[in-house]
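Asker: Let me begin by handing over the structure; questions about it come next.
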Amino acid sequence: MKRGLLKTEAVILNSHDFGESDRIISFYTRGHGRMSGIAKGARRSRKRFVGNLDVLSHITLIFFRSGKSDLVRVEDAALIEGFAGLKSGIERLSEACYLLELVSEMTAEGQAMPSVFEMLLEFIGMLDAGGETSVIMRAFEAKLLSVLGYRPCLDVCVACKKDYGQAERLFFSSEKGGAVCAGCAQGECGLIEITAGTARFLAAAERIEAAKLVRLKPAQAFLDESERLLYDFIRRQTGRELKTKKFIGKLRNFQAAGGR
Ligand SMILES: [Zn+2]
């Protein structure tokens, strides 16, 4: 692990006050993966970091790593993109924060994965630009799982490896990590019933370049089923509920009940 004064691009995943005047910040960086740092005096001297340490911000980060602690010292942060558009709406903001929590929960600290950094930045940018939220979210989940080595098997039945064709009844098993045909599903527990269209949509969303996602026009039912199965699968990997996902659920219930 490199030591000394270092520079990298970063997205801020989380930030909280520490002691009288400091902040502890969690970053996903291009060069060093996920890491945490302390910004000394960040709360006292606003002019030093002027809002550049806000959650979601894309920054150029200069930090010092002594090697004695996992926590680096934040020396400077210059804003590249603040995603101001996202911060004006609670729905998109909470979806963007869910992407941050996913990356935070699913990646290992100190393991550089530039592709995860690029993907996070690109997808936050798409949310900020006003793209179709549910397609963006499901594609990010599918792609992140794939990059991290948890790619779900969606083209064939994960158990018998046969093409499920136009089978009307299909299932998803988080335990087995893929689609399960009706024959193999017999006697199995914890399966989620899905349609073949959902499995095909997700397989396509995982493969297609992010910029071409607009070409996918999945039915709402495919999106709903995808959300359910992906979250079940993700929860199995993280071993716990994600706070932002619970918040999104509450927000939807509130809006469905007529609140705004
Ligand atoms: Zn099968």
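The values are calculated or read from the model by the stated rules, or taken from the named source; none is laboratory data. Fair warning: this is a prediction, and the values are worked out from it, not measured in the lab. As a convention, Cβ positions derive from the backbone with ideal geometry for all residues, glycine included, and neighbour counts pool all protein chains shown. Quick note on the areas: whole protein, heavy atoms, side chains included, nothing else; ligands and nucleic acids left out. Shrake-Rupley method; radii C 1.70, N 1.55, O 1.52, S 1.80 Å.
Asker: Mind telling me which of the residues Gly183, Gly190, Gly165 ends up being of a type in the set (Gly, Ala, Ser), within 28 Å of Leu99 (Cβ to Cβ), at pLDDT below 95 and not assigned by TED's automatic domain parsing to the domain that holds Gly33?
Answerer: Gly190
Asker: OK, next. Which ones in the stretch 146-183 are of a type in the set (Gly, Ala, Ser), closer than 30 Å to Glu118 by Cα and within 12 Å of the ligand (Cβ to nearest atom)?
Answerer: Ser173, Gly178, Ala179
Asker: Could you tell me whether Ile234 is within 16 Å of the ligand (Cβ to nearest atom), at pLDDT 95 or above and not in a loop (DSSP other than H, G, I, E, B)?
Answerer: no
Asker: Does any residue in the stretch 161-188 that is over 20 Å from Tyr150 (Cβ atoms) come within less than 7 Å, Cβ to Cβ, of a residue that is open to solvent by 90 Å² or more (accessible area, probe 1.4 Å) and modelled with pLDDT under 90 six or more places away or on a different chain, and which pairs are these?
Answerer: Taking only residues 6 or more apart or on different chains, the pairs are Ala182/Arg169.
Asker: Quick check: anything in the stretch 133-145 outside any helix (DSSP H, G or I) and either of a type in the set (A, V, I, L, M) or more than 16 Å from the ligand (Cβ to nearest atom) (or both)?
Answerer: no
Asker: So, one more: Could you tell me which residue of the stretch 184-209 is most open to solvent (accessible area, probe 1.4 Å), considering only residues that are of a type in the set (D, E, K, R) and under 22 Å from Met119 (Cα atoms)?
Answerer: Arg207
Asker: Considering only the stretch 149-160, how many residues are open to solvent by 50 Å² or more (accessible area, probe 1.4 Å), closer than 15 Å to Leu229 by Cα and without any contact (Cβ under 8 Å) to a residue 40 or more places away in the chain?
Answerer: Going through the stretch 149-160 one residue at a time, the tally reaches 0.
Asker: Between residues in the stretch 218-235 that are touching a residue at least 12 places away in the same chain (Cβ under 8 Å) and residues that are hydroxyl-bearing (Ser, Thr, Tyr), which pairs lie under 6 Å by C-beta distance while being six or more apart or on different chains?
Answerer: Phe222/Thr198; Leu223/Ser134; Glu225/Thr198; Ser226/Thr198; Asp232/Ser174; Phe233/Ser174
Asker: To continue, here is another question. Is the stretch 72-80 home to any residue that is touching an Asp or Glu at 6+ places or on another chain (Cβ under 8 Å), at pLDDT 95 or above, open to solvent by 40 Å² or more (accessible area, probe 1.4 Å) and of a type outside the set (Lys, Arg)?
Answerer: yes
Asker: Still on this structure, I have one more. On the basis of being modelled with pLDDT under 95, at negative phi and in the same structural domain as Glu188 (by TED's automatic domain parsing), does Leu148 make the cut?
Answerer: Answer is no for this residue.
Asker: Could you tell me whether any residue of the stretch 112-124 is touching a Gly at 6+ places or on another chain (Cβ under 8 Å), within 19 Å of Glu9 (Cα to Cα), among the small types (Gly, Ala, Ser) and not assigned by TED's automatic domain parsing to the domain that holds Glu227?
Answerer: Yes, the stretch 112-124 contains at least one residue that is touching a Gly at 6+ places or on another chain (Cβ under 8 Å), within 19 Å of Glu9 (Cα to Cα), among the small types (Gly, Ala, Ser) and not assigned by TED's automatic domain parsing to the domain that holds Glu227.
Asker: Among the residues that make up the stretch 248-259, is at least one of them in contact with an Asp or Glu (Cβ under 8 Å, 6 or more places away or on another chain), of a type in the set (D, E, K, R) and modelled with pLDDT of 90 or more?
Answerer: no
Asker: Same structure, new question: List the number of the failed condition for Val11; all other conditions in (1) without any contact (Cβ under 8 Å) to a residue 12 or more places away in the chain; (2) closer than 18 Å to Met113 by Cβ; (3) of a type outside the set (D, E, K, R) hold.
Answerer: (1) is the only condition that Val11 fails.
Asker: Which condition number in (1) open to solvent by 20 Å² or more (accessible area, probe 1.4 Å); (2) without any contact (Cβ under 8 Å) to a residue 60 or more places away in the chain; (3) assigned to a helix (DSSP H, G or I); (4) of a type in the set (A, V, I, L, M) is the one that Val214 fails?
Answerer: Result: Val214 fails condition (2) only.
Asker: Just give me the residues in the stretch 236-255 being without any contact (Cβ under 8 Å) to a residue 40 or more places away in the chain and within 13 Å of Ser134 (Cβ to Cβ), in sequence order.
Answerer: Arg252
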